[in-house]
Amino acid sequence: MARRKSLYEIIYSQIEKEVQKMSDGTQLPSIEKLCEDYGASKTVLREVITALEKDGLVVRRQGLGTFVVKDSGLVHTGIEYLRGLTRIISSSGKSAELIYDKFRVVKADRRLAEKLEMPENESLVLTERVYAADGIPAIFARTYIASERIPGKTEALLKTLEGRKAKELVLFDLLEENFKDPIRYAIAEIESRLVDEELAGLLEMRSGESIVLLKEVHRDIKNIPMLYSEDFINTAVFRIHVLRKKI
């Protein structure tokens, strides 16, 4: 005798069929409306939406809603919220892994001094990390940290980065847990670049291919710039959404 399907399985199947008919970027009804339409509890509908996201069919945006995505092989994310790269990859139902991790002290040149509002030649800590999604290199993150602005300054940050736990934390959390006020917001710029030999080796791409560069200045609760990051994004693996609202 065949096993009877659970309410969760029935509703998942029904919504999955509807999602397949929708265009990329279509917003799903609210949880409350879905509960009304399918006669089920919020708990069941939230489980269904979570499963659809893990299957790469929808993506949730905190405070904005749930949206249809059509390329299930990609990592999908918006840039409205600062969540950390490992969390972004994991929220797309993929396994996030830090596969390259280096750091060193550098001096601020004119460009970095302007970005971080500091004197030229001030010491910075540069971290370079490659994050993979399901084993495929997705992002090369180059981050300059204003290490002289944290308790213990550059020496303390270097000691922290040498610890095993540093590899488990995104830089936002690392700074918050060990040093000072957390990062509150970032100003972002998006550019298109061509892959050079260094990026080709790190991200397993071909030189001359196009790549997206996300540049951000991250500020703390006191509006002081603490990080300047350059994230080189392999769009064959990672797709960014920008949701624009009419005002």
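The values are calculated or read from the model by the stated rules, or taken from the named source; none is laboratory data. Every value quoted in this text rests on a predicted model; they were computed, and no experiment measured them. We place every Cβ from the backbone using ideal geometry, glycine too, and count neighbours over all the protein chains shown. Side chains are part of the model used for accessible areas, which takes the heavy atoms of the whole protein and leaves out ligands, DNA and RNA. Shrake-Rupley method; radii C 1.70, N 1.55, O 1.52, S 1.80 Å.
What to note about this one:
- Ranked from largest, the principal axis spans of the Cα set of segment 11-58 equal 26, 18, 15 Å.
- Asn121-Glu197 pseudo-label distance in nm [points 7 Å out on the Cα-to-Cβ vector]: 3.2
- Options (1) 88, 37, 33; (2) 69, 49, 32; (3) 72, 45, 40 - which one matches Cα extents along the principal axes in Å as calculated here: (3)
- A straight chain from Ile187 to Lys54 at 0.36 nm per residue would run longer than the Cα-Cα distance by 45.0 nm.
- With all pairs of separate Cα atoms included, segment 88-170 yields a Kirkwood hydrodynamic radius of 14.0 Å.
- Share of carbon and sulfur in the accessible heavy-atom surface of segment 98-247 [1.4 Å probe, %]: 47
- Under a 5 Å amide H cut-off, with hydrogens placed 1.01 Å from N, Ala138 pairs with Tyr131, Ala132, Ala133 among residues at least 5 apart or on other chains.
- Between Glu209 and Arg110, full extension at 0.36 nm per residue minus the direct alpha carbon distance yields a gain of 32.7 nm.
- Two-site FRET efficiency, Glu18 against Arg61, from Cβ-Cβ distance with R₀ of 25 Å, rounded to 0.05: 0.85
- Phi angles of segment 220-235 translate, via the Karplus equation with coefficients 6.51, -1.76, 1.60 and θ = phi - 60°, into HN-Hα couplings of 8, 4, 9, 6, 8, x, 10, 9, 10, 10, 10, 9, 8, 10, 7, 6 Hz per residue; Gly and Pro are given as x.
- For the chain: relative contact order, % (alpha-carbon pairs under 8 angstrom, 6 or more apart): 16
- Cα-projected label distance for Leu98 with Gln27, points at 7 Å along beta-carbon direction, nm: 3.6
- Most positive-pole-ward Cα, Leu175, Ile190, Phe140, against dipole of segment 119-234 from beta carbon charges: Leu175
- Label-point gap, in nm, between Glu155 and Thr235 - each point 7 angstrom along Cα→Cβ: 4.6
- The Cβ shell under 14 Å around Lys165 holds other residues with a net charge of -3, Lys and Arg each +1, Asp and Glu each -1.
- At the listed q of 0.09, 0.11, 0.13 Å⁻¹, the Debye profile of segment 116-232, built from one uniform point per Cα, gives log10 I(q)/I(0) equal to -0.27, -0.40, -0.56.
- Mean Cα-pair separation over length for segment 84-159, i.e. relative contact order, pairs under 8 Å, 6 or more apart, %: 28
- Cross-link table Lys102/Lys215; Lys54/Lys215; Lys107/Lys165; Lys107/Lys215; Lys165/Lys222, entries beyond 24 Å C-alpha to C-alpha: Lys54/Lys215; Lys107/Lys165; Lys165/Lys222
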